[in-house]
Amino acid sequence: MESSINYVNRAGERFGKLAVVDIPAEVAANAPWFNETLTAVNDAVVRLGIFEGDFPWHKHDEQDEFFLVLEGEFYLDVEGREPVLLRRHQGFTVPKGVVHRPRSPQKSVVLMVEQAGIVPTGD
């Protein structure tokens with residue numbers, strides 16, 4: 001991970017079941033690069049990310065990764081393909097084993113759905 005990125009990763013479930021999740025409050029309380037597990041749904045986790053700048057290239061050998069933009073926009077650089085620009089309310093799934101990196105020229109708020117146990121920085 002580049003030393004210029006202030007990266008915070010919270011893996012434990014913040015809200016769990018039967019709890020209201022206030023996304024704007026979580027965004028207001030945190031700064032980019034931030035990644036937090038909000039809750040688990042069966043064998044998956046729902047994570048909140050706040051992106052700004054370039055994240056390192058990485059891959060997840062055993063897990064697909066879904067991104068849904070709530071605020072802002074960001075690029076997903078995918079090895080061997082043109083970058084994908086995701087805008088508000090657009091989503092994209094990166095298949096397991098595919099090298100990728102999020103790149104956000106501005107602050108973006110992203111919801112991610114991934115398999116429980118995923119390492120956000122890759123394998």
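Read-outs: derived from the displayed coordinates by stated rules, not from any lab. Not measured: the values here are computed from a predicted model. All Cβ positions, glycine included, derive from the backbone under ideal geometry; neighbour counts span all protein chains shown.
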Partners for LYS96 among lysines (Cα-Cα distance below 18 Å; same-chain residues under 8 apart left out): LYS59
3J(HN,Hα) from dihedral phi, region 64-69, Karplus parametrisation 6.51/-1.76/1.60, rounded to Hz, x for glycine, proline: 6, 9, 9, 10, 10, 7
Local electrostatic count, PRO83, Cβ distance below 9 Å [Lys/Arg +1, Asp/Glu -1]: 0
